[in-house]
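Participant: Handing you this structure, nothing more for now.
The values are calculated or read from the model by the stated rules, or taken from the named source; none is laboratory data. Please read these numbers as outputs of a predicted model, since none were measured by experiment. No Cβ is skipped: glycine too gets one built from the backbone with ideal geometry, and neighbour counts run over all protein chains shown.
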Amino acid sequence: MHIEISAEKIFDIFGFPVTNTLLMAWLAVAILGFVAFRIYSKLSIIPSFVQNILEFVMEKILDLMEGIFGSREISEKYFPVIATIFLFIIVSNWIGILPGIGSIGFIEKSSGKEVFVPFFRSAASDLNFTLAIAISAVVLVHIFGILAIGVRKHISKFISFKSPIDFFVGLLEFISEIAKMISFSVRLFGNVFAGEVLLVVTAFLVPYLIPVPFLMLELFVGFIQALVFSMLTMVFISIAIAEHR
């Protein structure tokens, strides 16, 4: 049994290292793109069973967003971003526990020892992946804030010379933005990596039946982590555009 925190390199593309977690992220994008194309090509006035389910899920997400933004119009405006973040994270988490993920790979020598390297590994078990999503989410929050209330008002939240107190509060706000990215990334990485280790250990010690409840638990944890990430993004966007409403 071998547990590695950092993602393992599978091959290089023009000198760019491609890891097993990056392959998993690409797979998640491919799955979402394929499903989106199939659904879009079969949209109709009389919805099919799959279209009914999709519309039901969209309505529930919009209802949740309306409770945070306080407006259906604003919710629909930011729905594509929130839904993309939620779907990308949940698909990445769920396909990470499919059979063969983490168990199919090759053997390579490292420091004189033979080490098993899986071809695929849960994307969120790589801190680079979670940090990239966290940075993207926080940057989008600031872009939406600037578009909603203007550059001057948005920057004044972080840089203000009206008084020493305002300057100090702005400094704290700036530090909190960095803390958001760290919190976002570490929370998602920690939960997914811990779940991956749990599944590896249980499968190694008791390979039959016992891991099944833990697989169900990981499905739930994957959903919760995607929901928490997207909801926090919603809250931060609503705060950034607050003066616009």
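Participant: Any residue at all in segment 134-143 that's at pLDDT below 90 and either of a type in the set (Asp, Glu) or surrounded by 19 or more Cβ atoms within 10 Å (Cβ to Cβ) (or both)?
Facilitator: Scanning segment 134-143 turns up no residue that is at pLDDT below 90 and either of a type in the set (Asp, Glu) or surrounded by 19 or more Cβ atoms within 10 Å (Cβ to Cβ) (or both).
Participant: Condition first: charged (D, E, K, R), out of contact with any Lys or Arg (no Cβ under 6 Å at 6 or more places or on another chain) and closer than 17 Å to Lys9 by Cβ. Can you find one or more residues in segment 120-140 that meet it?
Facilitator: yes
Participant: If you don't mind, another one. Residue check: is Ile95 farther than 27 Å from Ile237 by Cβ, under 16 Å from the mean Cα position of the chain (by Cα) and either surrounded by 14 or more Cβ atoms within 10 Å (Cβ to Cβ) or not aromatic (Phe, Trp, Tyr) (or both)?
Facilitator: yes
Participant: Looking at Lys162, Lys153, Lys157, which is the one that is out of contact with any Lys or Arg (no Cβ under 9 Å at 6 or more places or on another chain), closer than 25 Å to Ser71 by Cα and either at pLDDT below 80 or not in a helix (DSSP H, G or I) (or both)?
Facilitator: The conditions single out Lys157.
Participant: Would it be correct to say that Ser163 is free of Cβ contacts under 8 Å to residues at least 40 places away in the same chain and either more than 24 Å from Leu27 (Cα to Cα) or of a type in the set (Lys, Arg) (or both)?
Facilitator: yes
Participant: Moving on to the next point. Tell me the strands (runs of 3 or more DSSP E) entirely within segment 1-116 that contain at least 1 residues that are closer than 24 Å to Ala132 by Cα and of a type in the set (Lys, Arg).
Facilitator: Result: 9-13.
Participant: Collect the residues in segment 72-89 that are in contact (Cβ under 8 Å) with a residue 24 or more places away in the chain and either of a type in the set (S, T, N, Q) or farther than 17 Å from Arg121 by Cβ (or both), keeping them in residue-number order.
Facilitator: Matches in segment 72-89: Ile74, Tyr78, Val81, Ile82, Ala83, Ile85, Phe86, Leu87.
Participant: (1) farther than 26 Å from Phe220 by Cβ; (2) among the hydrophobic types (A, V, I, L, M, F, W, C); (3) outside any strand (DSSP E or B): which one isn't true of Phe189, the others all being true?
Facilitator: Evaluating Phe189 over (1) farther than 26 Å from Phe220 by Cβ; (2) among the hydrophobic types (A, V, I, L, M, F, W, C); (3) outside any strand (DSSP E or B) leaves (1) as the failure.
Participant: Kindly evaluate Lys180 against the criterion of being surrounded by fewer than 14 Cβ atoms within 10 Å (Cβ to Cβ), in contact (Cβ under 8 Å) with a residue 24 or more places away in the chain and either hydroxyl-bearing (Ser, Thr, Tyr) or in a helix (DSSP H, G or I) (or both).
Facilitator: Here the answer is no, as Lys180 does not meet what is asked.
Participant: Whether any residue in segment 119-138 is farther than 25 Å from Lys157 by Cβ and touching an Asp or Glu at 6+ places or on another chain (Cβ under 6 Å) is what I want to check.
Facilitator: yes
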